[in-house]
Structure formats: structure tokens, C-alpha cells
Amino acid sequence: MTVLRSVHLEPQTGTGFIVRAGELLTITDPLGEQVSDLTSFAHDDPREWLSSGRTIDYANTIYVTTGHTLYSNRSRPMWTIVEDTVGRHDFLLTPCSPETFSIIYKTTTHHQSCFANLVQGLAPFGIAPDAIPTTLNLFMNVEIAPSGELSILPPRSRAGDHIVLRAEMDMIVGVTACSAELSNNGSFKPIDVEVRAPVSMRDDQPTRSAHAAPTSA
Ligand SMILES: [Zn+2]
């Protein structure tokens with residue numbers, strides 16, 4: 001299968017790129033226990049974006065995994081999760097931002113953040129900071145108590161764990177290697193990003209011609 005794009009995100013960095021409908025996006029946690037924030041916008045009209053609220057509503061769960069469709073704010077399918085070796089991701093919390101660190105962590109100095117990395121990665125595509133929505137926080141492990149209280153636990157991902165999403169439309173995509181201590185069990189690690197071409201009919205049916213009976217006139 002043809003690899004169209006392969007990016008190794010160093011710890012606490014991010015990137016932006018285009019995917020076309022049918023392409024497969026694989027996000028891999030190469031070392032384990034590392035969160036990666038994902039967001040996307042319709043290529044033809046970036047006022048359409050990946051919606052946590054729509055997706056949770058239609059999936060009827062806060063924990064999306066293999067088989068789930070991820071919807072836009074206009075209720076159109078943006079992604080389908082076709083493979084997921086972890087099965088625990090967060091779609092409730094916003095990308096970590098400078099304010100996350102000042103409000104929650106009481107940090108007074110500069111702290112790198114997913115939000116800043118998404119702003120930088122998406123700027124070349126005309127995406128303004130205020131347009132960045134709640135991200136799908138891949139491998140982030142958030143538990144909810146019956147009272148509603150949240151607990152951010154170490155990711156369940158181990159070295160090499162990954163998720164594969166099929167693009168259902170042409171999109172502008174942002175991906176990070178998360179910068180929040182609490183979300184990543186206290187250390188910052190890389191994330192691998194790969195985009196592969198759609199599976200063609202020929203790839204789908206590699207053995208058909210091999211097994212076909214010879215024809216004669
Ligand atoms: Zn983050």
C-alpha cells in the first residue's frame with residue numbers, strides 16, 4: 001500500500017496537512033503512554049469541523065473506537081475508525097493550551113501546548129486559533145465517576161499501539177504529540193503519523209487473477 005506521508009512528531013510538537021477522501025491516517029504511539037490530539041476541517045469549507053458533540057451524540061458513547069463514525073458540526077461523516085489497538089481515547093476535553101497550564105497546573109512560565117502546536121500547524125491552511133474545536137485526544141485515558149468527576153489516568157497505549165482512520169471527505173488535519181504532564185504519565189514522547197493511499201480494487205483482489213482459469217478462444 002502506498003505511503004503518501006510519513007511524519008515523526010518529536011515530543012511536544014504538532015503538524016498540519018491535507019488528506020483526501022478514502023485515504024487512511026494511522027497515528028502510532030511508538031513508545032507507549034503518549035497522547036496525540038487530532039482535529040480536522042473540511043477542505044472545501046473549513047467552517048465545517050470535527051465535532052465532539054455530534055460524534056458522541058450519534059455514537060451514544062463517549063469512548064469511540066473501531067467501527068465508529070466521527071461527524072462534523074454539519075453532521076456529515078468525516079472519519080471512520082477502521083482499526084484501534086487501544087480502545088480508549090478522550091473526546092471531551094480541549095487540547096492543552098497555555099491557559100490549561102496556568103489554570104490547572106499553576107504554571108507561571110511558558111509551557112508548550114497542543115493548542116499552540118495546532119495553531120502553528122494549521123495556520124498555513126488559513127485556520128484561525130478561535131476555529132480550533134475540542135480535539136479527539138487519541139490514547140488519552142479519562143474516567144468519569146458517577147458523580148461526574150473526571151480522572152485523567154495514564155494512557156493504556158503501549159509501544160506500537162495505533163489507530164487507523166479512513167477519511168470520508170477531503171480535509172485539513174492537525175495532529176500533535178501532547179504536552180500535558182498529567183495526560184502522558186509524566187513524560188513527553190514522540191508520535192508517528194502516516195497517510196496511506198486508498199485501497200484500490202487491484203489491492204483488494206490480489207488473488208483473483210492468479211486463480212482464474214486460463215481462457216482459450
Ligand atoms: Zn496536549
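Do we have any residue at all in the stretch 121-134 that's buried (at least 16 other Cβ atoms within 10 Å of the Cβ), more than 13 Å from the chain's Cα centre (by Cα) and among the polar types (S, T, N, Q)? Within the stretch 121-134, none of the residues are buried (at least 16 other Cβ atoms within 10 Å of the Cβ), more than 13 Å from the chain's Cα centre (by Cα) and among the polar types (S, T, N, Q). Is it fair to say L92 is of a type outside the set (S, T, Y), within 10 Å of the ligand (Cβ to nearest atom) and either more than 22 Å from D45 (Cα to Cα) or part of a helix (DSSP H, G or I) (or both)? Criteria not met by L92.
Where strands (runs of 3 or more DSSP E) fall entirely within the stretch 95-208, those with at least 2 residues that are within 16 Å of the ligand (Cβ to nearest atom) are at 136-138, 141-144, 150-153, 171-176, 191-196. The residues of the stretch 85-144 that are at pLDDT below 95 and more than 30 Å from G160 (Cβ to Cβ), listed by number, are P98, E99, S102, I103, I104, K106, T107, T108, T109, H110. Would you say D29 is acidic (D, E), surrounded by fewer than 20 Cβ atoms within 10 Å (Cβ to Cβ) and touching a residue at least 60 places away in the same chain (Cβ under 8 Å)? In short, no. Flag set for W49, criterion: over 27 Å from S200 (Cβ atoms) and away from the ligand (no atom under 16 Å from the Cβ).
Out of the stretch 48-67, which residues are surrounded by fewer than 19 Cβ atoms within 10 Å (Cβ to Cβ) and touching a helix residue (DSSP H, G or I) at 6+ places or on another chain (Cβ under 8 Å)? Once the filter is applied, which keeps residues that are surrounded by fewer than 19 Cβ atoms within 10 Å (Cβ to Cβ) and touching a helix residue (DSSP H, G or I) at 6+ places or on another chain (Cβ under 8 Å), the stretch 48-67 yields only I62. Scan the stretch 76-83 and give yes if some residue there is in a loop (DSSP other than H, G, I, E, B) and crowded, with 16+ Cβ neighbours inside 10 Å, otherwise no. No, every residue in the stretch 76-83 fails to be in a loop (DSSP other than H, G, I, E, B) and crowded, with 16+ Cβ neighbours inside 10 Å.
For the stretch 4-14, the condition holds for at least one residue, the condition being that it is crowded, with 16+ Cβ neighbours inside 10 Å and either of a type in the set (D, E, K, R) or touching a Leu at 6+ places or on another chain (Cβ under 7 Å) (or both).
Scanning the stretch 17-50 for residues that are farther than 17 Å from G160 by Cα and either in contact with a Phe, Trp or Tyr (Cβ under 6 Å, 6 or more places away or on another chain) or among the basic types (K, R) (or both) yields a total of 4.
Candidates in the stretch 33-46 are the residues that are within 16 Å of the ligand (Cβ to nearest atom) and buried (at least 24 other Cβ atoms within 10 Å of the Cβ); of these, the one that is nearest to P95 (Cα to Cα) is D37. Got a sec? Which of V3, V82, V64 is more than 16 Å from the ligand (Cβ to nearest atom), touching a Lys or Arg at 6+ places or on another chain (Cβ under 6 Å), of a type outside the set (K, R) and under 19 Å from M140 (Cα atoms)? Within the list V3, V82, V64, the selection yields V82.
Just one of the listed residues (F115, F101, F139) is surrounded by 15 or more Cβ atoms within 10 Å (Cβ to Cβ) and at positive phi, namely F139.
The values are calculated or read from the model by the stated rules, or taken from the named source; none is laboratory data. Only a predicted model underlies this, so the values are computations on that prediction, with no experimental measurement involved. As a convention, Cβ positions derive from the backbone with ideal geometry for all residues, glycine included, and neighbour counts pool all protein chains shown.
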